[in-house]
Amino acid sequence: MKFLFLNGVNLNMTGVREKGIYGTQTLEEINREIAAHFKGDVCEFFQSNIEGEICTKIQSAQTEGYDGVILNAGAFTHYSIAIRDAISSVSVPVIEVHISNVQAREEFRRTSVISPVCKGVICGFGKNSYILAAESFKL
Ligand code: DQA
């Protein structure tokens, strides 16, 4: 299968920021583990702090023939109508993921504007949230 692992704003700081919440591994280290787990599949990884770049990448998932997008939009999750609309624009299924359990944190993290247009949501399993989401496409 062909997967796009997409990380939004501040996810490049994983392993550096709030280690008690997001862990000590860098995003590069996490991505390497994901690639090793899915070694029989095609995995592409992309991170951006720029909302529009995330939208463009979601749009390109359609033309580039991805089977699924695994999206940790970071804080964009809670307010980006642009990312929501990009997800709605494509038929490629998108799964929303979070490293932390956003439901168990601040009130504002309990709102996701993208959940209603995603195939599902996986949160709270650390780096394994990404792996669990992609595995679901194989069931
Ligand atoms: C996050 C949760 C978001 O609320 C937060 O803004 C992030 C990371 C997570 O992976 O747990 O940047 O998406």
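The values are calculated or read from the model by the stated rules, or taken from the named source; none is laboratory data. Keep in mind the model is a prediction, meaning the values are calculated, not measured. All accessible areas refer to the heavy atoms of the entire protein, side chains included, with ligands and DNA or RNA removed. Shrake-Rupley method; radii C 1.70, N 1.55, O 1.52, S 1.80 Å.
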Relative contact order, percent, the range 1-87 [alpha-carbon distance under 8 Å, six or more residues apart]: 47 percent
Computed over the range 95-139, Cα set: Rg, Dmax in Å: 10.7, 33
Heavy-atom surface of the chain, accessible at 1.4 Å and reported per residue (Å²): 48 Å²
Sequence of F46, F3 from largest to smallest accessible area, 1.4 Å probe: F46, F3
Spatial separation of Cα centroids for the range 81-139 and the range 1-43, in angstrom: 14 Å
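Carbon-plus-sulfur fraction of the accessible area of the range 1-64, 1.4 Å probe, in percent? Before the final figure, lay out the partial values.
Working: 1720 of 3330 Å².
C and S fraction of accessible area: 52 percent.
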Heavy-atom accessible area ranking, 1.4 Å probe, most first, across F76, F125: F125, F76
DSSP H segments from the chain that extend 27 Å or more along their own axis, Cα-based, with Kyte-Doolittle mean of 0.5 or above: none
